[in-house]
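Trainee: Here you go, one structure.
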Amino acid sequence: MPDVLWCNGRFTTTAERVIGVEDRGFQFGDAVYEVFKFTEHAPAFLSEHYRRLERGLREIEIGNPWRDEASFRETMREILERTEFGDGIVYIQVTRGEEERAHFWGENLQPTAIAYSRRYRFPDAARKERGIKVMTAPDLRWKQCQVKSVNLLANAIAKKKAQRAGADEAILIQDGVVREGASSSFFAVIDGRVITHPLDEHVLPGVVRDRVIDLAIAAHIRVDERPLREAELFHLAEAFVTSTTQGVMPVTEIDGRVVGNSRRGEVTTTLQQLFDALELNARGFAGSVRSS
Ligand code: PDD
């Protein structure tokens, strides 16, 4: 059964090939994307995903195919209404558009926008307790990582190397500094304090990252947004990664060395529980329509 696909305002399914060979997303990776989660047909943190998409489009000068957040929400509501399964993700991509291949793009190009829903097996309770193993890898990405661009070649290569080494995620290192996961934000816990990279061009502003920081502060857990040195990785009490699909996921091994006592740590457990509760309560289309 093909998935529900929305393309430039029209509904079809993923069985239809809707992207042209000269689309700049295909030719140049000239596009941004978003991924949001839904459970029981209700999206989580939709406003936050919209705002990041809007910011990314603005930064690389692609026109926003949606008039405003309300019209974006309406498209997503229609997709989920037509989707048969209750739990999954929606993948959204906006490219600069399609035209005869040339590095210079035309000024009046119409963006190509697609969004489709897909089933997704989110980690179960056992997985969330067991956690994951990670491997460090050099960060070979472009220098504007705050933009959620579809240029994921460096991320994909790092992740494949990690997988071949028996790890679940690659942690990207640049200039001796831990940046983030290949598809997740990275957090360390040292002396009861939570440490994660500050928001700048080296990391993606993760939707889950921001929520977890707020939850930690509200729970009186100290948060340091500072670059973590690679050398510190091997003296952590706890570590975890965050992402839309994995939520708060404990890291129990880094490059074959155990983290803490090799079990999901106390701070990680607290933040995982707080985040799961927030995600459940914040679901739906009734969420706030805020401007950035
Ligand atoms: N990836 N950093 C990178 C490089 C990512 O690709 C992602 C998410 C994150 C976490 O962001 P968020 O909390 O907003 O999901 C951090 C998505 C899920 C993906 O590529 O599938």
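Trainee: Report, to one decimal in Å, the Kirkwood hydrodynamic radius for the range 192-292 based on all distinct Cα pairs.
Mentor: For the range 192-292, inverting the mean 1/r across all distinct Cα pairs yields 14.7 Å.
Trainee: Let me ask something else about it. Report D for the range 71-194 in µm² per second (integer): Stokes-Einstein, Kirkwood Rh on Cα pairs, 20 °C, 1.002 mPa s.
Mentor: Once the numbers are plugged in, D ends up at 119 µm²/s.
Trainee: Charges only on Cβ, +1 for Lys and Arg, -1 for Asp and Glu: so what's the dipole of the range 44-96 about the Cα centre, in debye to the nearest 20?
Mentor: The dipole of the range 44-96 has a size of about 200 debye.
Trainee: Once Lys and Arg get +1 and Asp and Glu get -1 on their Cβ, which of Thr14, Gly88, Phe72 lies farthest toward the positive end of the dipole of the range 4-119?
Mentor: Checking the options against the dipole of the range 4-119, the answer is Gly88.
Trainee: Here is a follow-up. Helix 207-218 versus the longest principal axis of the chain: what angle, 0 to 90°, nearest 10, using Cα atoms?
Mentor: It is inclined by approximately 40 degrees.
Trainee: Which loop-located trypsin sites (Lys or Arg not before Pro) does the range 228-291 contain, where loop means any DSSP state but H, G, I, E or B and the Cβ has at most 11 other Cβ atoms within 10 Å?
Mentor: When the trypsin sites (Lys or Arg not before Pro) of the range 228-291 are filtered for loop state and at most 11 Cβ neighbours within 10 Å, Arg290 remain.
Trainee: Moving to a separate point now. Starting from the Cα of Asp200, move 7 Å in the Cα-to-Cβ direction to define the label point; list residues of the range 150-192 whose amide nitrogen is under 11 Å from there.
Mentor: Within reach of a label on Asp200: no residues.
Trainee: Going by alpha carbons, how many degrees (0 to 90, nearest 10) lie between the helix axis of 266-281 and the longest principal axis of the chain?
Mentor: Computed tilt is about 30 degrees.
Trainee: Given R₀ = 41 Å, what would the calculated FRET efficiency be for Asp255 paired with Glu59, taking r from the Cβ atoms and rounding to 0.05?
Mentor: E(calc), rounded to 0.05, equals 0.75.
Trainee: Which residue, His197, His103, His41, has the most motion in a Gaussian network model of the chain that connects Cα atoms within less than 10 Å?
Mentor: His103
Trainee: Moving on. Restrict the search to the range 142-193; then list the chymotrypsin sites (Phe, Trp or Tyr not before Pro) that DSSP places in a loop and that have at most 15 other Cβ atoms within 10 Å of their Cβ.
Mentor: Hits after loop and neighbour filter: Trp142.
Trainee: Based on the inverse mean of 1/r over its pairs of different Cα atoms, what is the Kirkwood hydrodynamic radius of the chain, in Å?
Mentor: One over the average 1/r among Cα pairs gives 19.9 Å for the chain.
Trainee: State the Cα centre-to-centre distance between the range 114-182 and the range 239-272 in whole Å.
Mentor: So the two Cα centres are separated by 14 Å.
Trainee: Taking the alpha-carbon distance from Lys133 and a cut-off under 17 Å, which lysines remain once sequence neighbours fewer than 8 residues away in the same chain are dropped?
Mentor: Lys159, Lys160, Lys161
Trainee: Sorted from fewest to most neighbouring beta carbons within 10 Å, what does the list Ser262, Ser185 look like?
Mentor: Ser262, Ser185
Trainee: Using only DSSP helix segments of four residues or longer, with each worth -39500 (n - 2.57), what per-residue ellipticity at 222 nm results for the chain after dividing by its residue count and rounding to 500?
Mentor: -8500 deg cm²/dmol
Trainee: Dipole of the chain, Cα-centred, from +1 at each Lys and Arg C-beta and -1 at each Asp and Glu C-beta, to the nearest 20 debye?
Mentor: 560
Trainee: Can you give the FRET efficiency to the nearest 0.05 for Ala70 and Gln144, using r as the Cβ-Cβ distance and R₀ = 41 Å?
Mentor: Given R0 = 41 Å and the Cβ-Cβ separation, E is 0.90.
Trainee: Taking Cα atoms, how many degrees apart are the long axis of helix 46-59 and the longest axis of the chain, rounded to 10 and kept between 0 and 90?
Mentor: Approximately 70 degrees, to the nearest 10.
Trainee: Which one of Arg77, Arg127, Arg118 has the biggest mean-square fluctuation once the chain is modelled by GNM with Cα springs under 10 Å?
Mentor: Arg127
Trainee: Moving on. Would you mind calculating the gained length between Arg77 and Asn8 on full extension (0.36 nm times residue separation, minus the Cα-Cα distance), in nm to one decimal?
Mentor: Here the answer is 23.3 nm.
Trainee: On to the next question. Along the charge dipole of the chain, which of Leu280, Leu228, Met249 sits closest to the positive end, that is, farthest toward it, with unit charges on the beta carbon of Lys, Arg, Asp and Glu (+1, +1, -1, -1)?
Mentor: Met249
Trainee: Another one. Based only on the alpha carbon positions, what is the Kirkwood hydrodynamic radius of the range 125-280, in angstrom?
Mentor: Its Kirkwood hydrodynamic radius stands at 15.3 Å.
Trainee: What chymotrypsin sites (Phe, Trp or Tyr not before Pro) does the range 76-113 have in DSSP loop regions with at most 10 other beta carbons within 10 Å?
Mentor: Loop-located and lightly packed - Phe104.
Taken together, the values in this text are just the output of simple stated rules run on the coordinates, not laboratory data. Model, not experiment: these values are computed from the prediction. Neighbour counts are summed over all protein chains in view; Cβ atoms, including those assigned to glycine, are modelled from backbone coordinates with ideal geometry.
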